């Protein structure tokens, strides 16, 4: 085959144009090519077939869902029980329940007009706490918007959460963003932004920088199944694999992107089905099983760092709450469906049953913790509500590292205007100079 | 007969083809900058060599600096990164998959995590998929986090502007899109000496910077460039020719067009023009332009990008506000038309010296 084609063009003219190949090596290459065992295309690594056969996308059952506990919280295969200490498991439980309590209070506060917006995490507490507990606190987290539990696990205080939601003078974000757009430098949690999926290629770049700095850390990137449809998601998965980045992609597949159910979001085997296509180690887990999430994340982290490669985890779960305070999900799903997940497959109750079976928890502790938790949340809430907002001139800060003259000029003009029309601006709510 | 012989005999050598690509006249003459002897040893470099030199310095001095994008490993389609992978290693100069939004996002993340990230977008025409990452993310990273996170160590370079035959998708000048985005810096060099210093300034600047390199200057712009390391200030316009009658403002390739306009005005109209290279589009040096217009009373702005909402519109609006009583004539803008950039009609599309000269006459005779 190939030798004949070379003869037609004239081996000499081809060789003359290929500065790097001499005639001797060209005939050697021709011998190897003609052995015909595998396709030689540079982009190929597979075998030949003479059967005209299209691969059916439903050819196989889908990547299985890894679990440790059944829906009632009973460990199925004892070898998979991570054997975490009572202290650790209790901390996990308290973190999930505190998150749940904070969600209830802040959702209600939006309804009462105290904060402008809120997003709850109902039903997904297991994905947050299970994964965060398996990371190093210095691993950099890039989130989407429904991962508050990871911040809570790391130690973001109730005051810090509420200050951000109220946008008050103690908000780390200086009142610049809507509620739930948390960020923390100390806790290595990159500030949330509203555009979906943008965090994904950023997480890859950060992981590359971590790899170069040899700091022994990885990057954790959370996103939803809806977000995985964004172009940035494809970019991120491809870059992470081709550039060998220590990043864990953690997809919270909670069944809905606002009102769009997952069957309208993708037609293939979810998000996990895409991992192998990108050349990536992949697993699908029961997101409502804290131990499954923990085990998978722990292993993913070990692989990402020791082998310098990305890992994809698709955590199957269910969004029990509305998308946000701007959504009423009864418009697109039945109350019965929601009730099923709340009552029959909830990460908090499954973990509680595990703790009960170990004798680590009881009704008395539950009652005491519930009251304590509620009190903590309510007092933080009251504190946050009372605080003033930041000085309105924060509008002009942090656009650039240094304030350029044109922004300074605009600030000055507004200062003069506010002085003249002071009674028309809500100055009493804002910190003075 | 062989294909090559056919082409040789019938298309190239018989000169029957009316407009050989290589024969088309450039719409400008590059005028090199010079530096004083106190800048030390210089070396003859064209624009891509000066950029290459600047990148080399950045990588040598900053161990966290990395360069990435499509085809940068072998040297880049415009040779700006030649030799850098060999010198600094594969982990520091590397190809990414073909995806501008990925390149920009990756760069933002690397910068956030402490690396100096120097991204290349192969043509400014293809920067638009990265628009969300650049404007919604990079530009707002510091602001929205209350200053605790930023991607200031990100620089994105892209070849821009007309090249003679680039047509719709290899000729664009997208600076105006990004000028509208607070948080970014946008810089356009006019030649090798400026480019080397400005690029190093952008790389070291603590804000995300876009560096648009006029691709027609890559080979045709040759200067004696100082070999030492140096930076040039951002947001500072350069007065290249002093004059009293008209202020001419441009950037990139257009600066050289306007130089010829200065000469034409002097020779044919006895009009003295003050030529200003804006250099930085955002934040732009309003003071220098305003000061000049207060002196001359007449302003001509020229750019290749289309007229409506081109950056000339911002300059015109600001200057008429600053210098209203000083103006002797309405501000003139000579720009690309409000059309996509055409292929065969490039000589008619460009804001060439004749269209600029005509605008000068209008300003003078108002």
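So if I check each of A:187, A:243, which one is in contact (Cβ under 8 Å) with a residue 12 or more places away in the chain and over 16 Å from the mean Cα position of the chain (by Cα)?
Exactly one residue qualifies, and that residue is A:243.
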> Within the group B:308, B:339, which residue is assigned to a loop (DSSP other than H, G, I, E, B), out of contact with any helix residue (DSSP H, G or I) (no Cβ under 9 Å at 6 or more places or on another chain) and loosely packed, with under 14 Cβ neighbours inside 10 Å?
Replying inline: B:308
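Rundown of residues vs (1) buried (at least 24 other Cβ atoms within 10 Å of the Cβ); (2) farther than 15 Å from residue B:311 by Cβ; (3) at pLDDT below 95, yes/no style:
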residue	(1), (2), (3)
B:156	yes, yes, no
B:165	no, yes, no
B:172	yes, no, no
B:187	yes, no, no
B:191	yes, yes, no
B:199	yes, yes, no
B:203	yes, yes, no
> Applying the selection to the range A:203-233, what residues are at the interface with chain B (Cβ under 8 Å from one of its Cβ atoms), over 12 Å from the mean Cα position of the chain (by Cα) and under 19 Å from residue A:144 (Cα atoms)?
Replying inline: A:204, A:205, A:206, A:207, A:231, A:232
> Within the range A:204-217, how many residues turn out to be crowded, with 24+ Cβ neighbours inside 10 Å and not in a helix (DSSP H, G or I)?
Replying inline: 0
>> Please verify whether residue A:146 is out of contact with any helix residue (DSSP H, G or I) (no Cβ under 8 Å at 6 or more places or on another chain) and surrounded by 22 or more Cβ atoms within 10 Å (Cβ to Cβ), treating the condition exactly as stated.
In response: yes
> Would the range A:117-138 turn up any residue that is surrounded by 23 or more Cβ atoms within 10 Å (Cβ to Cβ) and on the phi > 0 side of the Ramachandran plot?
Replying inline: yes
> If a residue has to be more than 10 Å from chain A (Cβ to nearest Cβ) and in contact with a helix residue (DSSP H, G or I) (Cβ under 6 Å, 6 or more places away or on another chain) to count, how many in the range B:85-117 make the cut?
Replying inline: 2
> (1) under 19 Å from residue B:159 (Cα atoms); (2) within 12 Å of chain A (Cβ to nearest Cβ); (3) surrounded by fewer than 16 Cβ atoms within 10 Å (Cβ to Cβ): which one isn't true of residue B:74, the others all being true?
Replying inline: (2)
> Are any residues in the range A:152-194 within 13 Å of another protein chain (Cβ to nearest Cβ), part of a helix (DSSP H, G or I) and surrounded by 23 or more Cβ atoms within 10 Å (Cβ to Cβ), and if so, which ones?
Replying inline: A:164
> Based on what the data block shows, is residue A:107 under 21 Å from the mean Cα position of the chain (by Cα), away from chain B (no Cβ under 14 Å) and at pLDDT 95 or above?
Replying inline: no
>> Every residue in the range A:371-395 that is in contact (Cβ under 8 Å) with a residue 40 or more places away in the chain and assigned to a helix (DSSP H, G or I), please.
In response: A:373, A:374, A:376, A:377, A:378, A:380, A:381, A:383, A:384, A:385, A:393, A:394
> Got at least one residue in the range A:389-397 being under 35 Å from the mean Cα position of the chain (by Cα) and more than 14 Å from every other protein chain (Cβ to nearest Cβ)?
Replying inline: yes
> Among the candidates A:408, A:344, A:352, which residue alone is in contact (Cβ under 8 Å) with a residue 12 or more places away in the chain and within 14 Å of another protein chain (Cβ to nearest Cβ)?
Replying inline: A:408
> Only one of (1) touching a residue at least 40 places away in the same chain (Cβ under 8 Å); (2) touching a strand residue (DSSP E or B) at 6+ places or on another chain (Cβ under 8 Å) fails for residue B:340. Which number is that?
Replying inline: (2)
> Which of the following residues is under 25 Å from the mean Cα position of the chain (by Cα) and either surrounded by 15 or more Cβ atoms within 10 Å (Cβ to Cβ) or on the phi < 0 side of the Ramachandran plot (or both): B:286, B:294?
Replying inline: B:286
>> If I go through the range B:129-180 residue by residue, how many of them are in contact with a strand residue (DSSP E or B) (Cβ under 8 Å, 6 or more places away or on another chain), farther than 24 Å from residue A:188 by Cα and within 11 Å of another protein chain (Cβ to nearest Cβ)?
In response: 1
>> Return the residues of the range B:227-267 that are in contact (Cβ under 8 Å) with a residue 60 or more places away in the chain and surrounded by fewer than 20 Cβ atoms within 10 Å (Cβ to Cβ); say none if nothing qualifies.
In response: B:227, B:228, B:229, B:230, B:260, B:264
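The values are calculated or read from the model by the stated rules, or taken from the named source; none is laboratory data. For clarity, every value in this text was computed on a predicted model and none was experimentally measured. Quick reminder, even Gly has a Cβ in these numbers, built from the backbone with ideal geometry, and neighbours come from all protein chains shown.
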